[in-house]
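The values are calculated or read from the model by the stated rules, or taken from the named source; none is laboratory data. Treat the numbers as computed from the prediction; the structure is a model and nothing was measured. Note: areas computed on protein heavy atoms with side chains; ligands, DNA, RNA excluded. Shrake-Rupley method; radii C 1.70, N 1.55, O 1.52, S 1.80 Å.
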Amino acid sequence: LVAVAAGDLSVRVPVHGPADFQRLAVSFNRMTAELARADQQRRNLTADVAHELRNPLHIIQGNLEGILDGVYEPTQEHVAATLDEARGLGRLVEDLRTLSLAEAGQLPMTWEPVDVAELMTDVGVSFGGLAEAAGLTLTVTSAPGLTLTGDAGRLDQVLGNLVANALRHTPRGGAITLRAEPFSLADGRRAVRIIVSDTGEGIAAADLPYIFDRFWRGDRARTRADGAGSGLGLAIARQLVLAHAGSITAESTAGRGTVFTLDLPLDPTPRPDRA
């Protein structure tokens, strides 16, 4: 206990003696292992956030110093580039805020009846122009009459993140499909299953277990300037789906595409923060 209190989370208690002592030792070891894991996650998050903030801050600082020193002319092009980096930084900060609130169960939610077909149509309209410009086919279908209780804005954010991700990783001539259909959960509750699939580059099998982690990117060498996102989109999507008492899974084959499956109960388990 003294070692743990001093910050040494690697300590483990030998499991021997009477049964009660063994159970206590096992519980203690499990607790210290969880504390060590949480501490490592905190350290990783701090390092990841620092890394993600460093690049845009350096660009903004460099551009402004260059203008002040007379290296760059304060042209519209340089000012616009600096403004784009500042906006990207703002989006990253807002994504971090959304994710932290969602993980803590404190994200404000507006619970109301959501017409699934209307939700799907809105997503299709929002991304239709981008898909066409990218030379992709975007298809949206939904079974009629599906209504669930949820936050329409947050669900739109989930689907938007998935479609935006598909747009980034599907080459010209490919296809993205959104489909919603009725579904029954294992406990018998009625639900809606939403499938978002693409014919893009896919995800390597070794990476698949980690795609919902913060700051995950399939190609670590890619940056936002290359069209990559912040690495928070899938983590946010997962937390928002969990907030609706649902689940999200992914299947993928490298070079052939990816399929995300969302199962959302029509009436989620009541939550303390529901209005």
Over 16 Å [Cα-Cα, segment 126-186], rounded percent: 53
Which shape class, rounded, prolate or oblate, goes with segment 78-147 when its Cα gyration tensor gives a ≥ b ≥ c as root eigenvalues, a/c under 1.5 marks rounded, and past that a/b bigger than b/c marks prolate? oblate
Would you list THR141, THR82 from the most to the least accessible area, probe 1.4 Å? THR141, THR82
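For segment 98-205, go through all pairs of different Cα atoms, get the mean of 1/r, take its inverse, and jot down that Kirkwood value in Å.
On the way: mean 1/r = 0.0662 Å⁻¹.
About 15.1 Å, per the Kirkwood formula over Cα pairs.
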